[in-house]
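Right, one structure below, let's go through it.
FYI, it's all coordinate maths here, none of it is from the lab. This one's a predicted model, so the numbers in the text were calculated from it and none came from an experiment. Reconstructed Cβ throughout: ideal geometry from the backbone, glycine too, with neighbour counts over all protein chains shown.
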Amino acid sequence: MPAYPEMTVPAPSLDPARRGPEPRSGFAAFSAISTRWMDNDVYGHVNNVVYYSFFDTAVNGLLVAAGVLDIHAGEVIGLVVETQCNYFSPIEFPQAVTAGVRVARLGRSSVRYEIGLFADDQPASAASGHFIHVYVDRASRRPVPLPEPLKRVLQSWTMPSNPESTSST
């Protein structure tokens, strides 16, 4: 595998969505994810679209494991209405990835999840981003209040967005 040039994180942006790498301590729940050979692109690193799959896998896997999401028969499901990712350093097969998850905002029927992806045992995220789920009735696709068991789990993951990310100037 060719060596990558040293990457520097750009100066902090005025865009509030653009944060720098984040520490593991900024997240409340964690999920291990395996990279696959097919995740790499022609440039030798995990393709950018795969990061969104990692986000989805981490959040939904944690919800299933907590017993608050039944993807096959649950009456309430989460639909993604917004997503975003910032990339700081490459991830490549066969690295192990740990996804850190926190809830930054909990609404009546929506949740903003923020995710950090950590390569191997690195202390700072290789990528960070968010997505918003709106919880809806499976049949009607109309928004519904968060079920209490789901709400309790999400409250346990609630943390503020990390304003002290490791952006360099």
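So what's segment 39-144 giving for Cα Rg divided by 2.2 N^0.38 Å, two decimals?
Numbers: Rg = 15.0 Å, N = 106, 2.2 N^0.38 = 12.9 Å.
Compared with the compact-globule rule of thumb, segment 39-144 sits at 1.16.
Net charge around residue 159, counting only other residues with Cβ within less than 9 Å of its Cβ (Lys, Arg = +1; Asp, Glu = -1)? Before the final figure, lay out each step's value.
On the way: positive: 102; negative: 114.
Neighbourhood net charge equals 0.
With r as the distance between the Cβ atoms of residue 57 and residue 105 and R0 = 30 Å, compute the FRET efficiency 1/(1 + (r/R0)^6) and round to 0.05. Kindly include the intermediate steps, with their values, before the conclusion.
On the way: r = 21 Å, r/R0 = 0.71.
E(calc), rounded to 0.05, equals 0.90.
Tell me, how many Å apart are the Cα centres for segment 95-111 and for segment 121-149?
7
Which FRET efficiency, nearest 0.05, do residue 81 and residue 43 yield, Cβ-Cβ r, R0 22 Å? Display every interim value, and only then the final one.
Values: r = 30 Å, r/R0 = 1.38.
In this case the efficiency is close to 0.15.
Just to be sure I understand the model, the point goes 7 Å from the Cα along the line to the Cβ. What's the resulting residue 64 to residue 156 distance in nm?
1.9
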